[in-house]
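Encoded as structure tokens, the structure appears first; notes follow it.
The values are calculated or read from the model by the stated rules, or taken from the named source; none is laboratory data. None of the values given here were measured: they were computed from a predicted structure. As a convention, Cβ positions derive from the backbone with ideal geometry for all residues, glycine included, and neighbour counts pool all protein chains shown. These accessible areas exclude ligands, DNA and RNA; they are computed on the full protein's heavy atoms, side chains included. Shrake-Rupley method; radii C 1.70, N 1.55, O 1.52, S 1.80 Å.
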Amino acid sequence: MQKMLNMAMAAAVGESDNGTVIDSKTRKLLIFRIKCILYDVSKLIIFIAFFAAIRQLSRFMYAFLTFFPQRRISGGLHFKKYSSCLIFSFAYMAIVVMALAPLKIGFSSAAFVLVVCIAIIYLIGPMRQPSRPALSKPEFEELRRKAACIACYESAIALLFYESELSAVGFWTIVLHTVQLMIAFLIRKVGEKHV
């Protein structure tokens, strides 16, 4: 299946719009991006089906809408295999939606935790996949600022509507995203020491 997908995508991106052949590096990048989109869409379909079946779709959608922009900008843990990514992503969302969403801490404590999360997201992020091209210093700083702005915006929404059931979903999504970002950072630092 994987080999057929690779061949189909390679054939699909083999020529540019003007008929010139696309170089190997560009083709590999396009194939990588197409795979990422297909993998993300397939995970989303699986998750929507599961959370709809257990009547937690609104919680899941709110968690996803909080998680997705943050993940796209600041990154986090990455896995080499689709199945590992699927299992981790499912566990992440299940923990937020089913285990943590019913838990609510005091408003002041939540505000403090979210400020700490914003600072950590700014200081650590972005944590990109090692296979992606390195960012220039200005690009890195721009993504860092965007990630912090998104975290501020999402935190403000969680705090403004703190009495809402979905507020806890947003809060815990931001907290778990920050935790997995810290884990990715530590893994990278440990890996650098062994090189």
Residues of segment 147-175 classified as loosely packed, with under 15 Cβ neighbours inside 10 Å and touching a Lys or Arg at 6+ places or on another chain (Cβ under 7 Å), total: 0
Qualifying residues in segment 135-146 (those that are of a type in the set (A, V, I, L, M, F, W, C) and outside any loop (DSSP other than H, G, I, E, B)) - the one surrounded by the fewest Cβ atoms within 10 Å (Cβ to Cβ): PHE140
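Of the residues ILE37, ILE46, only one is of a type in the set (A, V, I, L, M) and more than 29 Å from ARG144 (Cα to Cα); which? Before you say what the answer is, go through the steps one by one.
Values: ILE37 fails: more than 29 Å from ARG144 (Cα to Cα).
So the residue among ILE37, ILE46 that is of a type in the set (A, V, I, L, M) and more than 29 Å from ARG144 (Cα to Cα) is ILE46.
Would you check if SER83 is in contact (Cβ under 8 Å) with a residue 12 or more places away in the chain and under 30 Å from ALA52 (Cα atoms)? Even if it seems obvious, please write down each step before you answer.
Details: in contact (Cβ under 8 Å) with a residue 12 or more places away in the chain: no; under 30 Å from ALA52 (Cα atoms): yes.
No; evaluated as a whole, the condition is false for this residue.
When you look at ARG132, is it within 18 Å of the chain's Cα centre (by Cα), of a type in the set (Lys, Arg) and part of a helix (DSSP H, G or I), yes or no?
Details: within 18 Å of the chain's Cα centre (by Cα): yes; of a type in the set (Lys, Arg): yes; part of a helix (DSSP H, G or I): no.
No; evaluated as a whole, the condition is false for this residue.
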Of the numbered conditions (1) under 15 Å from VAL96 (Cα atoms); (2) loosely packed, with under 13 Cβ neighbours inside 10 Å, VAL179 fails exactly one; give the number of that condition. (2)
Looking across segment 67-102 at residues that are assigned to a helix (DSSP H, G or I) and of a type in the set (D, E, K, R), the single one that is farthest from the chain's Cα centre (by Cα) is ARG72
Mind listing whichever residues of segment 9-50 are at pLDDT below 55, out of contact with any Lys or Arg (no Cβ under 8 Å at 6 or more places or on another chain) and open to solvent by less than 80 Å² (accessible area, probe 1.4 Å)? SER16
